[in-house]
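Structure first, commentary second.
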Amino acid sequence: MGKKKLKFEDALKRLEEISELLESDETSLDEMISLYEEGTKLAKYCYDEIKNAELKIEKLSIKFEDENKTEDEDDELLF
């Protein structure tokens, strides 16, 4: 069975939990190292997700502008 894709919101929530655990006096050094490693992987995942979202938005904006430019040019031809 395939691995379930991590949601951005869940990764961000887990990063917040890790941050709190790292600030805790009750977390051992070994746990801190393990949490830090998990946190860096989650941070990279979140960064990549944000970059992908930005690219999608940029492509959609360009497509929208191109479609509107074509419509504006068509309107100019009518006059």
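Binning all Cα-Cα separations of segment 8-78 at 5 Å, short to long from zero, yields these whole-percent fractions: 3, 15, 15, 12, 10, 7, 7, 6, 6, 5, 4, 3, 2, 1, 1. For segment 8-78, the dipole from Cβ point charges (+1 on Lys and Arg, -1 on Asp and Glu) about the Cα centre works out to 340 debye, to the nearest 20.
Here the contact order of segment 8-78, divided by its residue count and restricted to Cα pairs under 8 Å and six or more residues apart, works out to 35 percent.
None of the figures in this text is laboratory data; all of them are computed from the coordinates on show. In this text the structure is predicted, and so the values were computed from the model without any measurement. Note that we place each Cβ from the backbone using ideal geometry, even for glycine, and neighbour counts take in every protein chain shown.
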